[in-house]
Every structure is written in C-alpha cells, then in structure tokens.
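Let me begin by presenting the structure, written as structure tokens, before commenting on it.
The values are calculated or read from the model by the stated rules, or taken from the named source; none is laboratory data. Here the structure is a predicted model, which means the values were calculated and not measured. Cβ sites come from the backbone with ideal geometry, for glycine too, and all protein chains shown count toward neighbours. Please note that ligands, DNA and RNA were not included when accessible areas were found on the heavy atoms of the full protein model with its side chains. Shrake-Rupley method; radii C 1.70, N 1.55, O 1.52, S 1.80 Å.
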Amino acid sequence: MDLTLLYRGPLSSCDFDCPYCPFAKRRDSREQLRADRAALERFTGWAAGQTGDRLRILFTPWGEGLVRSWYRRALVELSRLPHVERVAIQTNLSCRTDWLAEADPERVALWCTYHPGQTPYERFLAKCGELTERGVRFSVGVVGLPEHTEHARRLWAALPAHVYLWVNAADGHTYTDAEAEEWTGIDPLFPYSRHPHRSAGLPCRTGESVISVDGEGTVRRCHFVKAELGNLYDGSYRAALRPRACPLALCDCHIGYVHLETLPLYDVFAGGVLERIPAGGTSVPGGLRGA
C-alpha cells in the first residue's frame with residue numbers, strides 16, 4: 001500500500017501566544033503530555049512495522065511538537081526507515097536544530113511558520129540558516145495579515161533562493177485585488193489560498209491514498225471530515241479505503257485542498273507535498289531574492 005498519513009495526537013500546548021490561534025500559550029498537564037507521548041510512540045511503532053507499505057507521514061499537532069523530545073525522536077526514527085519516503089512536521093521552529101544531525105536529510109522535512117511578534121526575526125532567520133547548513137528540506141510561511149506584510153517581505157528577501165516562502169490567507173480576512181497582488185508577489189501560489197475551494201462532490205485523494213489519524217488510532221479521510229473509516233491498529237481502516245468525493249461544501253486549508261484531484265497541486269508540489277515545497281523550488285526570475 002502507498003499511503004500518506006496526517007497524524008494529530010492529543011498535544012495542544014504551544015510556547016507562542018499568536019492572537020489568531022486558539023491554542024496560544026495553552027498548557028498540557030503532565031498526564032496529558034504522558035498520554036500524547038504514549039500515543040505518538042504507539043503510532044511510530046505501527047509505522048515501523050509496516051515494512052510492506054510505502055508511507056509518507058506529516059505531523060500536524062495543534063500545539064508545538066518539536067519542543068517535546070518524543071516528536072524529535074519520532075522524526076529521527078521514522079526518517080531512518082527505508083519504507084518511509086518522507087516524514088515531516090508543522091513547526092514554529094522555536095526548538096533547537098542539532099537533533100536533526102541524527103535524521104536522514106533525504107527523508108526528513110520541516111514545514112516552518114514564522115510568527116512576527118512571537119520570536120525575534122534574527123533568531124528565526126538563524127534557525128533557517130542552520131537547516132540550510134544541515135541540508136534539511138524545509139519551507140517557510142506566514143499568515144497573510146496586513147501587519148505581517150513587511151515582515152514577510154524582509155524574510156523573503158533574506159532567505160536562500162531555493163527556499164519557498166508560502167503565505168496562508170488569514171481566516172476571516174477578505175483580500176482586495178491589490179492586497180492579493182502584493183501577497184502574490186511574495187508567494188506566486190497565494191491565489192490558491194486566497195479563497196476557499198468549492199469541493200462538494202469533487203474527487204479527492206483523502207480516504208483512498210491519504211488518511212488522517214488521531215491519538216487513539218481512529219482513521220478519518222482528513223482532519224475536516226468527522227466520519228470514521230476504522231482504526232489504524234486493528235487494520236479495519238484498510239477495507240474502507242476507496243475513491244471518494246468530498247462531502248463538504250468548501251475546503252479552505254492547504255492540508256486539505258492540496259489533495260483535491262481537480263487542482264494541479266500534486267504536480268506543483270511533486271516530491272514535496274507534505275513539506276509544502278514546489279517541485280521547481282521558488283519561481284523567482286533568475287533565482288534572485290529582493291531584487
């Protein structure tokens with residue numbers, strides 16, 4: 001089986017307090033952290049045993065995973081498995097990066113988000129430099145709020161030319177054509193994020209070759225459709241995998257709509273769907289930034 005898994009365990013604590021995030025500065029109890037660790041270790045053990053399958057794994061925690069040792073260890077261990085094509089995680093990059101020396105740089109990847117006001121610009125840029133020096137695949141992005149524009153432009157100009165800087169449309173924000181054009185100047189793919197995508201009745205890879213898994217092992221087609229397909233650990237989900245149309249009216253999150261078959265994003269991100277890296281890298285003319 002060739003399968004992409006989006007794993008989201010019970011972790012919901014974060015070291016940032018972004019005003020646009022409901023999990024800002026949330027704290028998990030010791031009991032909750034122990035439960036999250038046990039759930040992740042169970043999932044990692046399952047993945048290690050699927051030697052007859054080919055897996056791609058993206059961790060999408062509600063909180064910040066890489067400040068927890070068990071997430072760092074999971075990425076290292078999974079990156080070393082020959083049947084795991086890619087393992088990636090969404091992160092604010094507040095953690096140290098030395099642990100990546102133990103991971104396979106050809107298989108591990110980071111989807112990094114820069115949150116202006118939450119971390120010093122120079123510190124975040126230095127972390128990006130460390131990833132580049134280690135040869136780790138990564139993308140960087142920002143939420144497209146008006147107050148982030150200059151921060152994003154500054155970061156875009158400073159990053160190496162091969163690093164893609166994506167822009168997510170802010171929830172509830174309507175963009176004028178002029179604003180959208182400005183963001184598109186930073187991220188040529190911003191038009192895909194600007195408006196929610198009509199998805200009702202359209203074919204989607206989720207539920208067939210892409211699944212969502214929670215800490216209990218419950219399998220759903222994606223994070224946004226609540227219907228259950230079975231359980232990962234008893235194997236009951238396998239019989240439910242088949243082509244499916246989307247039951248929702250709209251899909252407005254990249255980790256959802258990237259899998260719509262009516263969009264060309266599997267070609268756009270070929271080889272980098274999980275970590276959000278376009279196949280051709282950035283599309284800046286001549287590979288120059290800030291010119």
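Hey, got the dipole for the chain? About the Cα centre, +1 on K and R Cβ, -1 on D and E Cβ, debye to the nearest 20?
Numbers: 34 positive and 35 negative charges, 118 e Å.
Here the chain has a charge dipole of around 560 debye.
Over the stretch 44-140, what is the relative contact order in percent, taking alpha-carbon pairs closer than 8 angstrom and at least six residues apart?
Relative contact order comes out at 26 percent.
For the chain, give the percent of accessible area contributed by carbon and sulfur heavy atoms, probe 1.4 Å, rounded to a whole number.
After summing per-atom areas, the C and S share lands at 51 percent.
Using a cut-off of under 20 Å, list every residue of the stretch 190-224 whose amide N is near the label point 7 Å from the Cα of Asp177 along the Cα-to-beta-carbon line.
190-196
Expected output is a single nm value to one decimal: the length gained when fully extending between Trp46 and Tyr266, i.e. 0.36 nm times separation in residues minus the C-alpha distance. What is it? Let's see the in-between values first.
Numbers: separation 220, 0.36 × 220 = 79.20 nm, distance 2.66 nm.
That works out to 76.5 nm of additional length.
Taking 0.36 nm per residue of sequence separation and subtracting the Cα-Cα distance, how much length would be gained by fully extending the chain between Glu102 and Ala245, in nm to one decimal? Before the final figure, lay out the partial values.
Working: separation 143, 0.36 × 143 = 51.48 nm, distance 4.04 nm.
So the chain would gain 47.4 nm between Glu102 and Ala245.
Where the centroid of each part is defined by its Cα atoms, how far is the stretch 245-282 from the stretch 107-126 in Å?
Cα centroid of the stretch 245-282 versus Cα centroid of the stretch 107-126: 22 Å apart.
Could you grab the relative contact order for the stretch 118-176? Cα pairs under 8 Å, six or more apart, rounded to a whole percent. Before the final figure, lay out the partial values.
Values: 37 pairs, mean separation 23.5, N = 59.
It comes to 40 percent, rounded to a whole number.
Between Ala38 and Glu216, what is the label-point separation in nm under the 7 Å Cα-to-beta-carbon projection?
1.5
Taking θ as phi - 60°, what are the ³J(HN,Hα) couplings along the stretch 110-118 by the Karplus curve (6.51, -1.76, 1.60), each to the nearest whole Hz, with x for Gly and Pro?
Result, rounded to whole Hz: 10, 9, 9, 10, 8, 10, x, x, 9.
Helix-only estimate, please: 222 nm mean residue ellipticity of the chain, summing -39500 (n - 2.57) across DSSP H runs of length 4 or more and dividing by its residues, to the nearest 500.
On the way: 8 runs with 78 residues, N = 291.
Here the helix-only value at 222 nm equals -8000 deg cm²/dmol.
Give me the 1.4 Å probe accessible area per residue for the chain, excluding ligands and nucleic acids, in Å².
Working: 13090 Å² over 291 residues.
Normalised by residue count, the accessible surface of the chain is 45 Å².
Can you list residues whose amide H is under 5 Å from Arg244's amide H, if they're 5+ apart or on another chain and H is modeled 1.01 Å from N?
Those qualifying (amide H under 5 Å, at least 5 residues apart or on another chain) are Cys204.
Can you give me the long-range amide H partners of Gly141? Hydrogens built in the peptide plane at 1.01 Å from N, cutoff under 5 Å, separation of 5 or more residues or another chain.
Cys112, Thr113, Tyr114, Trp166
Using the Cα centre of the stretch 140-259 as the reference point, and only Cβ charges (+1 on K/R, -1 on D/E), how large is the resulting charge dipole? Debye, rounded to the nearest 20. Don't jump to the answer; show the numbers that get you there.
Values: 11 positive and 14 negative charges, 120 e Å.
Computed about the Cα centre, the dipole is about 580 debye.
How big is the gap, in Å, between the Cα center of the stretch 167-219 and the Cα center of the stretch 32-84?
Result: 25 Å between the Cα centres.
Assuming 0.36 nm per residue, please report the length gained on full extension of the stretch Ala200 to Ser236 beyond their Cα-Cα distance.
Values: separation 36, 0.36 × 36 = 12.96 nm, distance 2.63 nm.
Contour length minus Cα-Cα distance gives 10.3 nm.
Could you give the radius of gyration (one decimal) and Dmax (whole number) of the Cα atoms in the chain, in Å?
My reading of the Cα-based Rg and Dmax gives 18.4, 55 Å.
Counting only DSSP beta bridges with both residues in the chain, tell me the antiparallel percent, nearest 5. Write out the running numbers ahead of the final one.
Working: 11 of 43 bridges.
Given both bridge residues lie in the chain, the antiparallel proportion sits at roughly 25 percent.
Using Cα-Cα distances under 8 Å and only pairs 6 or more residues apart, what relative contact order does the chain have, in percent? List each step's numbers first, then the result.
Values: 534 pairs, mean separation 50.1, N = 291.
That works out to 17 percent.
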